[in-house]
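Before I ask anything, here is the structure I am working with.
The values are calculated or read from the model by the stated rules, or taken from the named source; none is laboratory data. Only a predicted model underlies this, so the values are computations on that prediction, with no experimental measurement involved. Using ideal geometry, Cβ is built from the backbone for each residue, glycine included, and neighbour counts are taken over all protein chains shown. For the accessible areas, the whole protein counts, side chains as well, though only heavy atoms, and no ligand, DNA or RNA atoms are used. Shrake-Rupley method; radii C 1.70, N 1.55, O 1.52, S 1.80 Å.
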Amino acid sequence: MRTSELGVRGAYAFTPTVFPDERGLFVAPYQRPAYTHAVGGPLFPVAQTGHSRSRRGVVRGVHYTRTPPGMATYVHCARGSALDLVVDLRVGSPTFGRWDCLVLDAETFCAVHLPVGVGHAFQALEDDTVMEYLLSGGYAADDEKAVSVTDPALALPSARTCHASCPPATRPPPPSRRPDARACCRSTTRACASTPACGRRRSRGRGA
């Protein structure tokens, strides 16, 4: 499993090895040794799992939880593909207001760890896109918070603007094909850092 630290402090991307054969494939999107080596500290305390299915173009987020108690998230795409957004909403964080974007899909099974206080959003790139979540806490309505994805202080990208400003390998192909999620998962964070329309940005986004 390959691990890379994102621009948002404490957030990581994990790309597992996929084992295909004539029957289909096998993959382990979450692997404890790789997780603990990258993140450190205690094991990810899974208190709840989540499952969402979305039509193409649907946007969910930016969701986060009140801290304390807060909730960490580990998410991957089990079907379809999605532009995933990691947004630092932690007041006082050295990366407060920054965001990262990358494509998660059901070919690479790249997963993202979001620490407590970091917001999450995604835009489905295909019909029936399924996102699977490991959550460190249970649902509590009073603790659930959200920031609009269109908040101008955050200046978050859409799938169109992010891909349009990334290098050719990560730009969207014709409508009949999927985005190159393997390349985007590998290089979006690095590539976007050097492009003004899709770089990790510092803003005065609202805090948790």
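Give me the pairs: first residue in the stretch 122-135 and of a type in the set (S, T, Y), second residue part of a loop (DSSP other than H, G, I, E, B) and open to solvent by less than 30 Å² (accessible area, probe 1.4 Å), beta-carbon distance under 8 Å, and six or more apart or on different chains, which are they?
Hits for this filter: T129/G80.
Right, next: Can you go through R79, R66, R53 and tell me which one is of a type in the set (K, R) and at pLDDT below 95?
That would be R66, the only listed residue that is of a type in the set (K, R) and at pLDDT below 95.
Does P42 meet the test of being at pLDDT below 95 and over 23 Å from K145 (Cβ atoms)?
yes
Working carefully through the options V59, V103, find the one that is under 18 Å from the mean Cα position of the chain (by Cα) and open to solvent by less than 10 Å² (accessible area, probe 1.4 Å).
Only one candidate qualifies: V103.
Let me ask something else. For residues that are open to solvent by 10 Å² or more (accessible area, probe 1.4 Å) and in a loop (DSSP other than H, G, I, E, B), scanning just the stretch 106-122, find the one that is farthest from D143 (Cα to Cα).
Step by step, filter the stretch 106-122, then rank; the result is E107.
Residues of the stretch 22-51 being among the small types (G, A, S) and either farther than 19 Å from Y133 by Cα or in contact with a Leu (Cβ under 8 Å, 6 or more places away or on another chain) (or both), which ones?
G24, G40, G41, A47, G50
Suppose we keep only residues that are in contact with a Ser or Thr (Cβ under 8 Å, 6 or more places away or on another chain), assigned to a strand (DSSP E or B) and of a type outside the set (S, T, Y) within the stretch 125-156. Which one would you say is modelled with the lowest pLDDT?
Only one residue tops the list, namely E144.
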